[in-house]
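Here the structure comes first, spelled out in structure tokens, and everything after it is commentary.
The values are calculated or read from the model by the stated rules, or taken from the named source; none is laboratory data. Since we're looking at a predicted model, the values are computed, not measured. Methodologically, a virtual Cβ is constructed for each residue, glycine included, from the backbone with ideal geometry; neighbour enumeration extends over all protein chains shown. For accessibility, only protein heavy atoms count, side chains too; no ligands or nucleic acids. Shrake-Rupley method; radii C 1.70, N 1.55, O 1.52, S 1.80 Å.
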Amino acid sequence: MKSALIVVDVQNDFCEGGALGVDGGHDVAAAISILLREQANRYDLVIASRDWHDGDNDNGGHFAHGEPDYVTTWPVHCVAGTEGAEYAPELLTDLIDVEVLKGQGVPAYSAFEGTTDSGELLADLLRDRGVEAVDVVGIATDYCVRATALDAVSAGFSVRLLDGLHAGVAHESSEAALVEMETAGVELTV
Ligand code: VGL
């Protein structure tokens with residue numbers, strides 16, 4: 001069975017020091033790079049998503065006017081072309097086969113909302129390449145990782161979330177997300 005690794009939003013703004021920095025973000029980036037370096041041949045395809053928002057509008061209410069609630073409204077983050085939208089420096093990017101960008105003018109948590117530079121949706125790309133199983137890692141456990149894993153299940157892929165290779169915005173919502181993913185059929189594994 002062909003498999004892909006999906007590296008979700010390992011970007012400067014989601015790591016410590018970034019606009020929406022998550023505790024453990026830099027460590028997760030480094031740990032994903034170890035996986036990539038040591039086990040890249042485990043995967044037929046390595047995908048990375050990036051949040052890629054417009055800088056001249058609120059991206060469908062995704063950027064807060066005033067105080068963000070950190071649930072549906074957020075500080076300005078991952079504006080296309082800025083340093084905050086770059087991959088975290090710890091992430092080995094040379095083994096990424098395909099990048100998908102999401103969130104241009106809209107809130108987009110799932111990598112399955114992302115498209116390649118030729119405009120192909122992630123699910124179509126995976127199916128075209130014969131991929132049936134995906135491993136999901138990245139940031140943030142309780143938002144974009146959660147949404148990506150749930151969408152992957154809905155799209156019919158066999159899905160695993162790799163332990164130690166994801167970091168969340170908040171403890172409680174991350175724990176809830178793990179339960180939700182497992183209930184939906186995501187295998188939580190090492
Ligand atoms: C994310 C909050 C807002 C994420 C993106 O990558 O998990 N979280 N936008």
Please find, within region 108-123, the residue that is nearest to the chain's Cα centre (by Cα) out of those that are open to solvent by 50 Å² or more (accessible area, probe 1.4 Å) and within 14 Å of the ligand (Cβ to nearest atom).
Tyr109
Hey, can you tell me all the residues within region 1-40 that are over 15 Å from the mean Cα position of the chain (by Cα) and under 14 Å from Val134 (Cα atoms)?
Met1, Lys2, Ser3, Ala40
Show the residue pairs meeting these rules: Cβ distance below 6 Å; 6+ apart or different chains; first residue within region 134-158 and among the hydrophobic types (A, V, I, L, M, F, W, C); second residue more than 12 Å from the ligand (Cβ to nearest atom) and open to solvent by 10 Å² or more (accessible area, probe 1.4 Å).
Val134/Phe157; Val137/Leu165; Leu150/Ala184; Val153/Ala184; Val153/Gly185; Ala155/Ala123
Picking from Ala123, Ala64, Ala85, which residue would you name as being small (Gly, Ala, Ser), more than 26 Å from Val159 (Cα to Cα) and free of Cβ contacts under 8 Å to residues at least 40 places away in the same chain?
Ala64
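The rows are residues; the columns are (1) over 20 Å from Ala29 (Cα atoms); (2) within 16 Å of the ligand (Cβ to nearest atom).
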| position | (1), (2) |
| --- | --- |
| Leu126 | yes, no |
| Val131 | yes, no |
| Val134 | no, no |
| Ala140 | no, yes |
| Tyr143 | no, yes |
| Val153 | yes, no |
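In region 143-189, how many residues are of a type in the set (S, T, N, Q), open to solvent by less than 50 Å² (accessible area, probe 1.4 Å) and either in contact with a helix residue (DSSP H, G or I) (Cβ under 9 Å, 6 or more places away or on another chain) or in a loop (DSSP other than H, G, I, E, B) (or both)?
Here is the first cut: in region 143-189, the residues of a type in the set (S, T, N, Q) are 148, 154, 158, 173-174, 183, 189.
The next check asks that each one be open to solvent by less than 50 Å² (accessible area, probe 1.4 Å); those that pass are 148, 173-174, 189.
Pick out the ones that are also either in contact with a helix residue (DSSP H, G or I) (Cβ under 9 Å, 6 or more places away or on another chain) or in a loop (DSSP other than H, G, I, E, B) (or both) and you get 148, 173-174.
Of the residues in region 143-189, 3 are of a type in the set (S, T, N, Q), open to solvent by less than 50 Å² (accessible area, probe 1.4 Å) and either in contact with a helix residue (DSSP H, G or I) (Cβ under 9 Å, 6 or more places away or on another chain) or in a loop (DSSP other than H, G, I, E, B) (or both).
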